[in-house]
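Enquirer: Quick one: structure below, then a few questions.
The values are calculated or read from the model by the stated rules, or taken from the named source; none is laboratory data. Nothing here was measured: the structure is a model prediction, and the numbers come from that model. Please note: Cβ atoms are built from the backbone with ideal geometry, for glycine as well, and neighbour counts cover all protein chains shown. To get the accessible areas, we keep the full protein, side chains included, count just its heavy atoms, and leave off ligands, DNA and RNA. Shrake-Rupley method; radii C 1.70, N 1.55, O 1.52, S 1.80 Å.
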Amino acid sequence: MGYSHEELFSKHLSQKDPEVFQAIHKEFNRQDKHLEMIASENYTSLAVIEAMGSVLTNKYAEGLPGKRYYGGCEYVDVVENIARERAKKLFAVGDFVPHVNVQSHSGAQANQAVFLALLNPGDKILACSLSHGGHLTHGSPVNLSGKWFKPVPYEVSKETETIDMNQVRELALKERPKLVIAGYSAYSRVPDFKAFREIADEIGVPLMVDMAHISGLVAAGVHPSPFPHAHIVTSTTHKTLRGPRSGFIMCHPDFAKKIDSAVFPGLQGGPLMHVIAGKAVMFQEALTADFKEYAQAVVENSKSMSNLFKKLDYRVVSGGTDNHLLVLDLTNKSTTGKEAETCLDAAAINANRNTIPFETQSPFVTSGLRLGTAAFTTRGMGLPEVEEIVGLIDKALLGKKDESVLSGVRKEVAELCSRFPIYDWKAFS
Ligand SMILES: Cc1ncc(COP(=O)(O)O)c(C=O)c1O
């Protein structure tokens, strides 16, 4: 017999603020009953949630462990040191042990800290174009990175839809950027980190890898590590790493001082110590054999999903996947990304529209759909469920204008989700 969501998480909140409690409770039910295929989302453990809901949120701790600007930091120092040491252990490669800063509030702020540490306003940054799989924070004109720095975007090749390393080198030599970035939010192949480093070395600038999406796969050893090639690595902690919503930065020891002082006092004030505690718990979880198995299953599910879609005549961008995500090009299905997102939403399947390389639609409409396996694999879904899921998505897309088809799929999704609850309440009985 299990406890209710209310008893477990919100005994006080449900009494004191029923309005907020109700919204949280409904969101809990939505997560439990919907199929989450947004590639950047996951379900963190109850241990991480407890750490984040702790009294550590009360504590100011500007500075670093042992060098704080506030008193009373002896216990938060313990927590932050544990987080840093676990991250080092997790991402060390051979003899190489990175320096770690766990204070970034998010992936975007981790990237901003690197820019603050290494660049001056107006400097050029070489990074993947957003519509070819890059990220907003790597030089998009609507983001600080594109307003304060000059983006030099590289693309994927038309033939293979994988990163065109010849173009990366040509642009590096011609434009002489101050920073080279390899990092992606919708790229399903393994980037050639070694080749990126050779190009960065040729023009004498640092290589930053933003591994926000793949960090859990790297931690588990099912994706090549950007180390020791990258000088600096940024990441989120809430995607494949399955931790709290946050970020962190790792670097070669020669960049340690610059990075630490860019994070604080350069960019941020007090670190979120309760979230750092959640990161410490997550790093420990990621060191386990169970997590390695999970990450292997994420990639197996993704590869299987790609093959099954191809059998149903869907075009998978780049022809497949090596990680936790894939992008479908829906052009031959006479469906836009926006239409697909809307009809899947009606069927309780959450996914997001995505531009495809050499996109012809507007970024608001798009021709693509990005699908990820990290979240549903956490629920314990495996290859048989992937087959079911691909069938359900196909059915919803084919019946996109038929309410009865969509409500039928919604029922099947609810049944599937009920077999794999997001949290195992029995663990608490
Ligand atoms: C590659 C990459 N970098 C940075 C970020 C930003 O992370 P956050 O949303 O935590 O700021 C994302 C988020 O999707 C991402 O995919």
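Enquirer: Note down the accessible area of SER185, probe 1.4 Å, to the nearest 10 Å².
Expert: Rounded to the nearest 10, that gives 20 Å².
Enquirer: Right, here's the next one. For the charge dipole of the chain, defined by +1 on Lys and Arg C-beta atoms and -1 on Asp and Glu C-beta atoms about the Cα centroid, which residue among ALA108, SER367, PRO18 has the Cα displaced farthest towards the positive pole?
Expert: Working it through, the farthest residue towards the positive pole turns out to be ALA108.
Enquirer: Any idea how far apart ALA92 and LEU173 come out in nm if each label point goes 7 Å out from Cα toward Cβ?
Expert: Those two pseudo-labels are separated by 4.0 nm.
Enquirer: On to the next question. Roughly how many nanometres apart are two label points built 7 Å out from the Cα toward the Cβ at ASN166 and ASN332?
Expert: 2.6
Enquirer: Just TYR69, TYR60, TYR154 to compare: in a GNM of the chain, with alpha carbon springs under 10 Å, which one fluctuates most?
Expert: Ranking TYR69, TYR60, TYR154 by mean-square fluctuation puts TYR69 first.
Enquirer: LYS411 to LYS67: FRET efficiency via 1/(1 + (r/R0)^6), r the Cβ-Cβ distance, R0 60 Å, to the nearest 0.05?
Expert: Numbers: r = 57 Å, r/R0 = 0.95.
The pair LYS411/LYS67 has a calculated efficiency of 0.55.
Enquirer: Taking R0 as 51 Å, what FRET efficiency do you get between ILE203 and TYR75 from their Cβ-Cβ distance, rounded to the nearest 0.05? The partial results should precede the final answer.
Expert: Numbers: r = 46 Å, r/R0 = 0.90.
My answer for the efficiency is 0.65.
Enquirer: Please state the equivalent ellipsoid semi-axes for the chain: what are the square roots of 5 times the Cα gyration tensor eigenvalues, largest first, in whole Å? Present the calculation step by step, with values, prior to reporting the outcome.
Expert: Details: eigenvalues 221, 188, 67 Å².
Computed over the chain, the values are 33, 31, 18 Å.
Enquirer: Right, here's the next one. Taking the Cα centre of each part, how many Å lie between region 345-409 and region 225-258?
Expert: 30
Enquirer: Another one. Highest GNM mean-square fluctuation, the chain, Cα pairs closer than 10 Å: which of LEU126, LEU312, LEU207?
Expert: Answer for the Gaussian network model of the chain: LEU312.
Enquirer: So, in nm, how far is label ARG419 from label THR57 when the simple model puts each one 7 Å beyond its Cα toward the Cβ?
Expert: In this crude label model, ARG419 to THR57 measures out at 3.7 nm.
Enquirer: On to the next question. Can you list the chymotrypsin sites (Phe, Trp or Tyr not before Pro) in region 282-388 that are in a DSSP coil and have 13 or fewer other beta carbons within 10 angstrom? Walk me through the intermediate numbers first.
Expert: Details: sites: PHE283, PHE291, TYR294, PHE309, TYR314, PHE358, PHE364, PHE376; in loops: TYR314, PHE358, PHE364.
Sparse-neighbourhood loop chymotrypsin sites (Phe, Trp or Tyr not before Pro): PHE358, PHE364.
Enquirer: Leaving out ligands and nucleic acids, and using a 1.4 Å probe, what accessible area per residue does region 297-428 come to in Å²? If you can, show how the numbers build up before the last one.
Expert: Details: 5430 Å² over 132 residues.
Here the per-residue accessible area is 41 Å².
Enquirer: Can you give me the Cα centroid spacing of region 74-143 and region 260-308 in angstrom?
Expert: 13
Enquirer: Between THR288 and LYS26, 0.36 nm times their residue separation minus their Cα-Cα distance comes to what? Present the calculation step by step, with values, prior to reporting the outcome.
Expert: Numbers: separation 262, 0.36 × 262 = 94.32 nm, distance 3.22 nm.
Here the answer is 91.1 nm.
Enquirer: Hey, can you find the accessible area per residue of region 55-286 for me, probe 1.4 Å, expressed in square angstrom? List each step's numbers first, then the result.
Expert: Details: 9190 Å² over 232 residues.
I get 40 Å² per residue for this part.
Enquirer: Quick one: among ALA340, ALA289, ALA277, which has the greatest mean-square fluctuation in a GNM of the chain with alpha-carbon springs under 10 angstrom?
Expert: ALA289
Enquirer: What is the log10 of I(q)/I(0) for region 297-428, computed with the Debye formula using one identical point scatterer on each Cα and no solvent, at q = 0.17, 0.18, 0.22 Å⁻¹?
Expert: -0.88, -0.98, -1.40
Enquirer: Now a separate question. Got a number for carbon plus sulfur as a percent of the chain's accessible area, 1.4 Å probe?
Expert: Values: 9990 of 18610 Å².
Its accessible area is 54 percent carbon and sulfur atoms.
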